[in-house]
Amino acid sequence: MCGIVAALAASDVTPFLIDGLRRLEYRGYDSAGLAVLEEGSAHIRRHRAVGRVAELAKQVGQGEAGLGIAHTRWATHGAVTEDNAHPHLSVGQGLEICLVHNGIIENHASLRHELKQAGYVFASQTDTEVVAHLLHQTRLKTTDLLQALMMVQRQLQGAYAIAAISSKDPGTLVATRLGAPLILGLGHQTTDVFLASDASALVSQTQDLVYLEDGDLVALSREASGGVVQRRLLDRSGQTVERPIQQTSLSADDVALGPYGHYMQKEMFEQPGALANTLEMVVGANSLSASLFGQSAASVFAQTEHVLILACGTSFHAGLVARYWLESLAHLPCTVEIASEYRYRQSVPLPKTLVITISQSGETADTLAALEHAKSQGLSQTLAICNVPESSLIRASSLRFLTRAGPEIGVASTKAFTTQLAALFLLSLTLAKGRQRLSAAEEQSHLTALRHLPAALKTVLAAESAFAGWAGRFVQKSHALFLGRGIHYPIALEGALKLKEISYIHAEAYAAGELKHGPLALVDAEMPVVAVAPNDQLLEKLRSNLEEVRARGGELYVIADQGTRFEPAEGLHVIELGDHAGLLSPILHVVPLQLLAYHVALARNHDVDKPRNLAKSVTVE
Ligand code: AGP
């Protein structure tokens, strides 16, 4: 999604702005731009380009600009054109206002109408340009850019993070946020302050971050060129506030690609380490404790009689797997809902429900809104499972569990998913223990299995070349079918999602028992069918379903456990993983599907980390 970078510094900010935009590229975008105010100049210099940041960088020379804002745009209102790219400019009566914006201004149409009547001419179709003209109009009537921004903020409906500069305020950068993240980075010199929508754009400069709260407004200003930057922070009511300075553990190296070809490849191979980090506290302590999920977790869990899981995409699939664990281990009824559906559905809230949200980024607009909707229904016990400690989701939830996967840059989620599963398994065990459904011996046996999980995952990753070997057979295909049963049905869903999002091959997943109720009609020699075949109690049922596919000439690709007795034959390809991993099997069986999607996308020459039309963190509805 869109990204913001801005700076006020003693030296030229252009290199930082370009570097910051490059670090935000992973989020997905289709155009980029920046604007700077040079020392002593009365005019803002703006550059914009459709396509990659590299295109923008070619246009932008070095200068003496100590103040600047920059943006990567992911089109929502208006096509992918240079005119629609940010920053947006409003010029007239000796004043130039320039700003960048993430999010959506919901009342942009009525504001646009009023501004047109006031004589403003629009150069783009974006909702953002409305804010630029509104700030221009307001700044003409005020003496202070921050005050003008506050007055504008009161007229905006929707979600936004905004950073703005003005030709009349040469040493001032102002910003505000509501429902979209914005972070200050305090430079090592008191003369330098940075701003970004994502910490990864700041860590090349500083680890000292200030997370703005919803409704906050900030003015960064200095008296003279190269002088100390003063920070003025106001809350949504206009009162001066302090926000804590937090040290991020994220470093520039964490977001470096290293020896890998793509972030997705790096992140798949980081999974054993990510799982070990996520599980460290539990397997080290050799016992499960509710306090892992927050101080009040024990009392909340003791009262829980129903679980409601809300999430999107891959995180939703993690929730679907968790339902099997929660019901079988903890005997807790569990509902799993797509966040964007739940938030608009008239559901009946069940008393004593624990609401669990799952999100890699913690900034997914639909998941955040679903959580708010649940709270408005009176469901106040909330637990976030999330990979970003400072995220909005973590701050909005009373209980939390941080997956420790490290930054995930590739749009296709991999290590976030397997660590979410590990977290949800721990939660299921903890709830089972609290409900006297887990004996001490069972607890130890599950902890032992978790201890072995990173090594088992390494063994699966070592079979990469075998899955890469299958990829060539998918390159020319237009469709694929993924099958699984029981707890592996969500894994089939995840495999299909991975394949479609990066290879652009249409893929569907079905619970294998559903085949004969419709999708079997699609099966012919042109339809590769991928089956997730663990050595569990549903194996023979699955085998019968796969016979139905073979009988119709379908080409089968079976990811099996040892001992499943699938014999490779014409039209039947089999790769065996290790022994069946019991309840942890989904965490292992998803990895071959990630590897397959990755290699198919590579073979089709796709930009694996930045698939078309998609964004890493979906911060708009
Ligand atoms: C996964 O590969 C996707 N890119 C996507 O489905 C993602 O999982 C979804 O947008 C939810 O994101 P979140 O986990 O950050 O909330």
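Structure data summary
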| quantity | calculated |
| --- | --- |
| Enumeration of residues in the range 555-599 that are at negative phi, free of Cβ contacts under 8 Å to residues at least 60 places away in the same chain and not in a strand (DSSP E or B) | Asp561, Gln562, Thr564, Phe566, Glu567, Pro568, Glu570, Asp579, His580 |
| Complete set of residues in the range 485-523 that are of a type in the set (Lys, Arg) and more than 11 Å from Ala597 (Cβ to Cβ) | Arg485, Lys516 |
| Where Leu89 falls short, out of the listed (1) touching a Leu at 6+ places or on another chain (Cβ under 8 Å); (2) assigned to a strand (DSSP E or B) | (1) |
| Top-ranked residue of the range 600-612 - restricted to ones that are part of a loop (DSSP other than H, G, I, E, B) and touching a residue at least 12 places away in the same chain (Cβ under 8 Å), ranked as nearest to the ligand (Cβ to nearest atom) | Pro611 |
| Test for Ser392: is it of a type in the set (Gly, Ala, Ser) and touching a Leu at 6+ places or on another chain (Cβ under 7 Å) | yes |
| In the range 497-535, residue farthest from Ile487 (Cα to Cα) [restricted to those that are among the basic types (Lys, Arg) and modelled with pLDDT of 95 or more] | Lys500 |
| Of all residues making up the range 102-124, the number that are under 16 Å from Gly158 (Cβ atoms) and either surrounded by fewer than 13 Cβ atoms within 10 Å (Cβ to Cβ) or modelled with pLDDT under 95 (or both) | 9 |
| Number of the condition not met by Arg404 [criteria: (1) within 16 Å of the ligand (Cβ to nearest atom); (2) over 18 Å from Ser291 (Cβ atoms); (3) among the basic types (Lys, Arg)] | (2) |
| Residue within the range 599-615 that is closer than 30 Å to Ser445 by Cβ and either among the aromatic types (Phe, Trp, Tyr) or crowded, with 20+ Cβ neighbours inside 10 Å (or both) present | no |
| Considering residues of the range 536-551 that are assigned to a loop (DSSP other than H, G, I, E, B) and not aliphatic (A, V, I, L, M) only, the residue farthest from Arg565 (Cα to Cα) | Gln537 |
| The range 369-388, subset more than 14 Å from the ligand (Cβ to nearest atom) and part of a loop (DSSP other than H, G, I, E, B), residue farthest from Phe301 (Cα to Cα) | Gln377 |
| Among (1) away from the ligand (no atom under 16 Å from the Cβ); (2) modelled with pLDDT of 95 or more; (3) within 30 Å of Ala603 (Cα to Cα), the one test that Ala455 misses | (2) |
| Residue satisfying condition, being of a type outside the set (Ser, Thr, Tyr), within 16 Å of the ligand (Cβ to nearest atom) and more than 16 Å from Ala274 (Cα to Cα), within set Phe417, Phe474, Phe482 | Phe482 |
| Tally of residues being touching a strand residue (DSSP E or B) at 6+ places or on another chain (Cβ under 6 Å) and not hydroxyl-bearing (Ser, Thr, Tyr) across the range 364-380 | 4 |
| Test set (1) closer than 19 Å to Gln125 by Cβ; (2) touching a Ser or Thr at 6+ places or on another chain (Cβ under 7 Å) - Val36 fails condition number | (1) |
| Residue ID - nearest to the ligand (Cβ to nearest atom), chosen from residues in the range 302-313 that are assigned to a strand (DSSP E or B) and aliphatic (A, V, I, L, M) | Ala311 |
| Residue count, the range 287-304 (criterion: under 28 Å from the mean Cα position of the chain (by Cα) and without any contact (Cβ under 8 Å) to a residue 12 or more places away in the chain) | 2 |
| Residue list for the range 314-368, restricted to those being assigned to a loop (DSSP other than H, G, I, E, B), more than 16 Å from the ligand (Cβ to nearest atom) and not hydroxyl-bearing (Ser, Thr, Tyr) | Ala330, His331, Leu332, Pro333, Arg345, Gln346, Val348, Pro349, Leu350, Pro351, Lys352 |
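The values are calculated or read from the model by the stated rules, or taken from the named source; none is laboratory data. In this text, all values refer to a predicted model and were calculated from it rather than measured experimentally. Note that each Cβ is placed from the backbone with ideal geometry, even for glycine, and that neighbours are counted across all protein chains shown.
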